[in-house]
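The values are calculated or read from the model by the stated rules, or taken from the named source; none is laboratory data. Remember, predicted model here, so these are calculated numbers, not experimental data. Note that we place each Cβ from the backbone using ideal geometry, even for glycine, and neighbour counts take in every protein chain shown. These area figures cover heavy atoms from the full protein model, side chains too; ligands, DNA and RNA do not enter into them. Shrake-Rupley method; radii C 1.70, N 1.55, O 1.52, S 1.80 Å.
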Amino acid sequence: MGFKVAVVGATGNVGREMLNILDERTFPADEVVALASRRSMGVEVSFGNKTLKVKALEQYDFSDVDICLMSAGSTVSKEWSPKIAAQGAVVIDNSSCWRYDADVPLVVPEVNADAVADFRKRGIIANPNCSTAQLVVALKPLHDKARIKRVVVSTYQSVSGAGKEAMDELFTQTKAVFTVGEIESKKFPKRIAFNIIPQIDVFMEDGYTREEWKMMAETKKILDPKIKLTATCVRVPVFIGHAEAVNVEFEQPITVAEAHDILRKAPGCLVVDKHEPGGYITPYECAGEDATYVSRIREDATVENGLVLWCVSDNLRKGAALNAIQIAECLINRKLIQAKRKAA
């Protein structure tokens, strides 16, 4: 007997990707339900070769649901995740709502899979921010080898991280540039077409943005609280795929050759690093792929025991939907949950 899975926020970028990945990975589900707000009731979404009609979250009974994949934003998650968990479903939440709650595990399966067992405290597991997920996949195996002291990361984040409206805005603005039309900025504080914006999320009192703070806080929670991290997060006119330039300072010596070897063997990582034009991966090439790609690994001679690397991943997949489904697979494979119908 398979599991019953509910996808909340099924009409959004990440929700649709969740449905795609559930099908691609032949997830052991007997039934998949697409849910969203009342205004999306009846909208059709694809699930493999089937079409699912979206049902209203507010009217849905979760008593026979085993796993709820939640991607409807923090406000919805804050209200609904505890209610859904109280009905016995494990909630895997993609918003920032529960990431910093001490009783909610924040999980990237390649990095801290053992933490999933702590879901019993609240019945909720948090997905990290998209930019954090790919970063820790690349950092974890290097940290195990030489212990990371400090990380300086600059991100180049695609507009899909801000949702479908953001993707539409990039498309509309780009079209307007070529047709000499009016350029309107609604989703972003400045024009995004043929431009970059050094602000993602709101500014905090110390001058960092909340996106930058998320990377700092989440890396510490997932990987190691002793790691010092500073980030500059930048929105770029790319539809899908986040890239990061990462400077890492280690406690112990580690060579470029060792880093290559370690990352090639690391789960979730693919190294593409040729010292020639095009011998690296860009966001365009990683779109639709599951891996976190690492390129341009080199020594940072400005610090003792330093490396620099380029890290790219599909933010809708590893940064969101794929990671959530990998968490669900982890729960099943470790026999931490059982299908309610089977249990009955």
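I'd like to check something: does the range 262-274 contain any residue that is farther than 26 Å from Phe27 by Cα and among the acidic types (Asp, Glu)? Yes, the range 262-274 has at least one match.
Of the residues screened, Lys265 is not one that is under 28 Å from Asp206 (Cβ atoms) and touching a residue at least 12 places away in the same chain (Cβ under 8 Å).
Quick check: is even one residue across the range 47-57 hydrophobic (A, V, I, L, M, F, W, C), closer than 14 Å to Asn94 by Cβ, in contact (Cβ under 8 Å) with a residue 24 or more places away in the chain and open to solvent by less than 70 Å² (accessible area, probe 1.4 Å)? So far as the range 47-57 goes, no, none of its residues is hydrophobic (A, V, I, L, M, F, W, C), closer than 14 Å to Asn94 by Cβ, in contact (Cβ under 8 Å) with a residue 24 or more places away in the chain and open to solvent by less than 70 Å² (accessible area, probe 1.4 Å).
Of the residues making up the range 100-144, those that are over 27 Å from Val159 (Cα atoms), open to solvent by less than 20 Å² (accessible area, probe 1.4 Å) and not hydrophobic (A, V, I, L, M, F, W, C) are Pro105, Gly123, His143.
Scanning the range 202-229 for residues that are open to solvent by 60 Å² or more (accessible area, probe 1.4 Å), part of a loop (DSSP other than H, G, I, E, B) and touching a Lys or Arg at 6+ places or on another chain (Cβ under 9 Å) returns Val202, Met204, Lys226. Residue count for the range 268-284, restricted to those that are touching a strand residue (DSSP E or B) at 6+ places or on another chain (Cβ under 9 Å) and in contact (Cβ under 8 Å) with a residue 12 or more places away in the chain: 11.
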